[in-house]
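The values are calculated or read from the model by the stated rules, or taken from the named source; none is laboratory data. Please read these numbers as outputs of a predicted model, since none were measured by experiment. Positions of Cβ are generated from backbone atoms using ideal geometry, with glycine treated the same way; all protein chains shown enter the neighbour counts.
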Amino acid sequence: MGATAFKAAVLGKTKRCVRFAHASAIKINFMPKKTKFKKVDSAVNFIDIEHEMLRFWDEDDIFNKLRKKNKGNEKWSFLDGPITANNPMGVHHAWGRTLKDLYQRYHSMLGKELRYQNGFDCQGLWVEVEVEKELGFKSKRDIEEHGIENFVNLCKDRVRKFSKIQTEQSKRLGYWMDWDNSYFTMSDENNYAIWAFLKKLFDDGKIYKGSDVVPWSGRSGTSYSQMEIIEGRKLVSHLSVFVKFPLKKRKDESLLVWTTTPWTLTSNIAAAVNVSLDYLMVKSNDGHIYYLAEENFKFERLKKQFKEKKQWIKGVPKLKTLEQIFKERGGYTIEGKIKGIDLIGLEYHGPFDELPAQQQYGGFPFVNVDLENKKINAIKCHKVIDGGKDGIGNDNVVAGEGTGIVHIATGCGAIDNKIGKKNNLVSIAPLDDESKYLDEFGWLNGLVATDKKTTDKIINDLKEKKLLFYAEQYPHVYPHCWRSGDELVFRTVDEWYINMDWRDKIHKIVDNINWIPDWGNEKEHEWLNNMGDWMISKKRFWGLALPIWTFDDNSFYVVGSKEELKELAIEGWDDFEGNSPHRPWIDKVKIKHPDSGLIGKRIPDVGNPWLDAGIVPFSTLKYNQDKEYWKQWYPADFVTECFPGQFRNWFYSLLAMSTIMDNTAPFKTLLGHALVKDETGRDMHKSWGNAIWFEDAAEKMGVDVMRWLYASQNPEQNLRFGYGAADEVRKRLITLWNTYSFFVTYARLDNFDPNSYSNIKKLTLSKLDHWILAKVNELVKISQSYYDNFQIFKMMDEVVKFIDNLSNWYVRRNRRRFWKSENDSDKIAAYATLYETIIVLLKIIAPVTPFITDKIYKNLVSGSNSENNESIHLTDFPSYNNEWANKDLINEIDTVISIVTMGRSCRNLANIKNRQPLNELIIYSNEKIDKLIHNNSKQILEELNIKKIKFIENVDDIISYKIKPNFSLLSKKFGKNMKQVIDFIINQDTKEIYDKVKYKKDISINLSGENHIINPEEIIIEEVPINNYSVVSNKKYTIGINTLLSDSLIKEGIVRDIIRHIQSFRKEINLNVEDRIDVKIDGSEQILDALTTNKEYFFNEVLAVSFNQKSIKMNEPKKIKINGKKINIYIKKHIEE
RNA sequence: GCUCUCGUAACUCAGUUGGUUAGAGUGCUGGUCUUAUGAGCCGGAAGUCGCAGGUUCGAACCCUGCCGGGAGCACCA
């Protein structure tokens, strides 16, 4: 130890002794021997410590030592949901990763063997989007021109790059994983495992090609599944139109239809009504008759949205009622009313019957051969049809928005398509993969359907044809491409689906999972009920190559493994071999159908990325390569992810895939957590400037602080993340650090050696020692149960309380035991207690704050402790020890603490500061606590600066009382008669009842002629302070002080005040602790009198030798005020003659 | 629109099977302690427990309706 450090340490100790300077004279001679603990700087920099620990863990290979230690033990299987390796990790990821890490660390401390495998999600459009951005690409064509191989390689590179970055970030967070063994969903293993999964489904006949109308992005050139479309919904305003469909056999009569997507009118097939609605025939003043639903005529469309400006776009005017539109056109008359059912079959002229597509027999471009043969085209289908009901039984056509007559374009909408199939209608699908009109649409050919100019042209055309009734801006939520923001259109395309008619099996499995929070179960069921068949294909480049080969006879075949592919391959295998099963390499392989012998080629589609993530309980656990291994680790004990979205994404794909593969739940417990928001609860956005980058947070607030923040959060609620919250957490860590620093400072001076005792129980432990050891033991128990139940945030509350107890009661109350000069058994007990307590506490929170706990642990143990572990992370989680349990003692000290707190409260209420001594603390309790208090009276009196405790049996002395019925007890007895009972009690003589309660006598009551008994415990006595007492009560006790101060008490208070000022004066003029002084004081008679009366005490405390001796010349005085009166204090070092 | 969920102090949230005077932290504010602590401690102000009914002797809690926030699902032709 260096000389400076030594001096500081000694000063640290002697400085403390100013208040009882008589002891310090001996203290100063204290000479330290060699010490075991390194000096601790009380000014701590957590971030430096974190970097130091990272280096240490790395250099000393601590993580691998941990794995080695637990190898072969009972297993705890954690399954990591893959993080998308497409961008750096953010603070929102850090929450989940902290939870993952801390539960893993906890189970490691229990000695379990873990796999520690992290996962990266690699494939999918996300990555393509970013690579496209980098290359400045605008469309799929650009990629094809660039070359798929180049493009796919760039996607792979991007994933490699960001998985490395995320790995480094995660390490900084303290996330312990087997980083060299992370799984990548783009791996061959993972892809082939999905092949095997699809093969099983294929064998069960669950894979099919559907030609459905699906949401499609022209810019991205791909369709969207039910899952994805939810992400991209946006509120927009469309130019919507009311259009006439003139009836064929009724001159000057038209159906009035409404649409927000005028481009679909080109492909109109039919008009649907609701058979049970009433329809009006409204004649406008030009003599034309319009059919529309009666209810819709005066319906105020989107009234609420407009009024409350919810889901409304600024600038869009209020929507008019249909009636108003008619009025504005010159008025109307109602010509008649007709049932929907009576409209069925009416034929009409479509708005775009002149287009070639409308005239194609069998539809366009997908031709229904049957209808083609019957020479049926769209125009022939133009009839009024029954809208029918949807799957759940709701009407497809409803009154309200629109006109009650719905334009049906079977090639442009999912429901339209279904209705079309049901009614055997042709279909016209007008758009190509860039959302442009195909060739059979006349002047529209090549126009982009979502382009506003196209809409304008269509509306103009309708106007010219005198078919337009009205056009208006209509705000609504419409699906958009989540990546490009492009408005989606509906296209009829071939996509590949998994028939999900086996959803019941998944439902069953859902119930075998422990969902935290438990409503997760319900949410998952809800999704399963709602979901349609699973669209697994995507017309893109970077992703799972769907192992589906198609043949000329319209059949298809699913290949289940690389080996099978090799077997069936008849062309292109050599080009493929050695490459990953991705496009474009896989596309070269042609196979021979094992049954028909036809030659087929692979469909160009890639797979839905949730297949990639859902297969990991099989692919990463070597299901195909090593079943034994798989059995050991499957199902996972634990999974934790961010909730939003995952019910339909990862959880869904996991459950679905495991159902097929093994018909079991892939994990036992799922902990979901909410989202990270900024400190005010808003989303974090780069553009709003409120985003916090992980690196910034790590280096500014520190990752232990971050982790603490995450751990303390109830995962059900969104986390408000920010530097303010971090400061609160840092305070806790500082308190812990200071407790540790206190310990080390004095342990060094006294050369405390934790090896000097073998069993702490054999030391002469004080009551407080037993108390804190019992407390920490309780903390072990409760912590373990919170860890086991994945409720770490509740544990953190307990930890905060414990640290407070440790620092603000145990250490504070025991300081003198550490300061005193003798190295007696009491002091050893104090050191040992504090030492053991800190170490247990550290272990409890080591999984949460791995850095600071290891830093402290290393110094405390550092070769001197019998555990002799290199790192706290190689230790076992502490176990609860019955021998330390002591409920009574915990209760005793906790009572003492609350009495002290209440005593302070009394003082504060009476405005009497702590320094003013008081004679009596008055305690009244309805429990027997007098013995307990007596046993601890010294501490209580010291804390409160009071001379003695007085118990009173008669609270009358300090309080009056009120009597109250004890509702919860009485209700059990009297139930409905409570009111009478309450009236009775309240109307009794207070004193009489009070006496009965006090002397435990029953009270009789007459209820409608019957006698009943009220027991004393069924009455509550409430105290109200009287006179000059300041009183505070809680449920158990009443604490009071007399606020009238005697003359001598006041004088004592004055002396105390002066002593304090002199002590700080001594420090200011740099006197040594043992220096004697001469004192002079100018002040009132009362002050001088006070000092004279308490001279001995005064002299002792400040080491005074003389007082107001005129012969001594003084320097400048210190001017102070006591009780508002100015006094001057002079002191001077006394020189012996 | 349907389902779920929440609504408690300025803010963030507790609040047990319905029971006595609805709590904590932060912030504000007043006081206090004096140092292992960057602190700590004790007060105060601040509440129509979203609103309105109902059940009950008694409702923040249970029921109904409404209003408001959030989420999920569907639809917006």
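Quick rundown of the values:
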quantity	calculated
Pick from the range A:493-516, criterion out of contact with any strand residue (DSSP E or B) (no Cβ under 7 Å at 6 or more places or on another chain) and not charged (D, E, K, R), ranking: nearest to A:ALA414 (Cα to Cα)	A:TRP502
Conditions (1) outside any helix (DSSP H, G or I); (2) away from RNA strand B (no atom under 11 Å from the Cβ); (3) among the polar types (S, T, N, Q); number of the one not met by A:THR895	(1)
From A:ILE912, A:ILE940, residue being modelled with pLDDT under 80 and in contact with a strand residue (DSSP E or B) (Cβ under 8 Å, 6 or more places away or on another chain)	A:ILE912
Pairs, first closer than 13 Å to A:LYS383 by Cβ in the range A:234-251, second modelled with pLDDT of 80 or more and of a type in the set (A, V, I, L, M, F, W, C), C-beta under 6 Å, six or more apart	A:PHE245/A:LEU255; A:PHE245/A:VAL257; A:PHE245/A:ALA271; A:LEU247/A:LEU346
Contacts under 7 angstrom Cβ, first residue in the range A:443-457 being in contact (Cβ under 8 Å) with a residue 12 or more places away in the chain, partner among the hydroxyl-bearing types (Ser, Thr, Tyr) and in a loop (DSSP other than H, G, I, E, B), 6 or more apart	A:VAL448/A:SER435; A:ALA449/A:SER435; A:THR450/A:SER435
Test: A:ARG158 is on the phi < 0 side of the Ramachandran plot, among the basic types (Lys, Arg), part of a helix (DSSP H, G or I) and free of Cβ contacts under 8 Å to residues at least 24 places away in the same chain	no
The one condition in (1) within 12 Å of RNA strand B (Cβ to nearest atom); (2) within 28 Å of A:LYS339 (Cβ to Cβ) that A:LYS383 fails to fulfil	(1)
All positions within the range A:584-634 that are in a loop (DSSP other than H, G, I, E, B) and touching a strand residue (DSSP E or B) at 6+ places or on another chain (Cβ under 6 Å)	A:VAL589, A:HIS593, A:ILE603, A:ASP605, A:THR620
Meets criteria (of a type in the set (Lys, Arg) and within 16 Å of RNA strand B (Cβ to nearest atom)) for A:LYS199	no
Filter result for A:VAL840 (under 18 Å from A:GLU942 (Cα atoms), touching a residue at least 40 places away in the same chain (Cβ under 8 Å) and in a helix (DSSP H, G or I))	no
Strands (runs of 3 or more DSSP E) within the range A:428-521 that include 1 or more residues more than 29 Å from A:SER537 (Cβ to Cβ), within 15 Å of RNA strand B (Cβ to nearest atom) and not aliphatic (A, V, I, L, M)	A:468-479, A:514-516
Output for the range A:786-800, where each listed residue is touching a helix residue (DSSP H, G or I) at 6+ places or on another chain (Cβ under 9 Å) and either within 16 Å of RNA strand B (Cβ to nearest atom) or under 26 Å from A:SER758 (Cα atoms) (or both)	A:TYR786, A:GLN791, A:ILE792, A:PHE793, A:LYS794, A:MET795, A:MET796, A:ASP797, A:GLU798, A:VAL799, A:VAL800
A:TYR116 assigned by TED's automatic domain parsing to the domain that holds A:TRP708, aromatic (Phe, Trp, Tyr) and in contact with a strand residue (DSSP E or B) (Cβ under 9 Å, 6 or more places away or on another chain)	yes
Residue within the range A:280-288 that is more than 9 Å from RNA strand B (Cβ to nearest atom), at negative phi, touching a His at 6+ places or on another chain (Cβ under 6 Å) and not polar (S, T, N, Q) present	no
Unique residue being farther than 18 Å from A:ASN377 by Cβ and crowded, with 24+ Cβ neighbours inside 10 Å when the list is A:SER435, A:SER427	A:SER435
Subset of the range A:267-281 that is β-branched (Val, Ile, Thr) and over 11 Å from A:LEU425 (Cβ atoms) - its residue that is surrounded by the fewest Cβ atoms within 10 Å (Cβ to Cβ)	A:VAL275
Residues satisfying the stated conditions in the range A:522-539, i.e. crowded, with 22+ Cβ neighbours inside 10 Å, away from RNA strand B (no atom under 12 Å from the Cβ) and not in a strand (DSSP E or B)	A:ILE536
Within the range A:1042-1118, helices (runs of 4 or more DSSP H) holding 3 or more residues that are more than 16 Å from RNA strand B (Cβ to nearest atom) and of a type in the set (A, V, I, L, M)	A:1085-1093
Residue in the range A:674-710 that is farthest from RNA strand B (Cβ to nearest atom), counting only those that are under 14 Å from the mean Cα position of the chain (by Cα) and in contact (Cβ under 8 Å) with a residue 60 or more places away in the chain	A:ARG707
Residue check, A:GLN713 within 16 Å of RNA strand B (Cβ to nearest atom), under 25 Å from A:LEU736 (Cβ atoms) and not assigned by TED's automatic domain parsing to the domain that holds A:GLN791	yes
Flag for A:SER596 being more than 14 Å from A:ASN190 (Cα to Cα), surrounded by fewer than 16 Cβ atoms within 10 Å (Cβ to Cβ) and touching an Asp or Glu at 6+ places or on another chain (Cβ under 7 Å)	yes
Residue among A:VAL1079, A:VAL1105 that is at pLDDT 75 or above, touching a Phe, Trp or Tyr at 6+ places or on another chain (Cβ under 8 Å) and surrounded by fewer than 19 Cβ atoms within 10 Å (Cβ to Cβ)	A:VAL1105
Any hit, the range A:211-221, residues being more than 16 Å from RNA strand B (Cβ to nearest atom), touching a residue at least 60 places away in the same chain (Cβ under 8 Å), under 19 Å from A:ASN663 (Cα atoms) and in a loop (DSSP other than H, G, I, E, B)	no
Selected residue [surrounded by 11 or more Cβ atoms within 10 Å (Cβ to Cβ) and either modelled with pLDDT of 75 or more or within 48 Å of the chain's Cα centre (by Cα) (or both)] from A:GLU300, A:GLU308, A:GLU328	A:GLU300
Near pairs, Cβ below 8 angstrom, 6+ apart or cross-chain, from the range A:920-941 (under 24 Å from A:THR1043 (Cβ atoms)) to any residue that is of a type in the set (Ser, Thr, Tyr) and at pLDDT 80 or above	A:ILE929/A:THR895; A:ILE933/A:THR895
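To keep it simple, each residue is scored yes or no on (1) of a type in the set (Val, Ile, Thr); (2) more than 23 Å from A:LYS700 (Cβ to Cβ); (3) assigned to a helix (DSSP H, G or I); (4) touching a helix residue (DSSP H, G or I) at 6+ places or on another chain (Cβ under 9 Å).
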| residue | (1), (2), (3), (4) |
| --- | --- |
| A:PHE37 | no, yes, no, yes |
| A:VAL40 | yes, yes, no, yes |
| A:ALA43 | no, no, no, no |
| A:ASP48 | no, no, yes, no |
| A:GLU52 | no, no, yes, yes |
| A:PHE56 | no, no, yes, yes |
| A:ASN64 | no, yes, yes, no |
| A:ARG67 | no, yes, yes, yes |
| A:GLY81 | no, yes, no, yes |
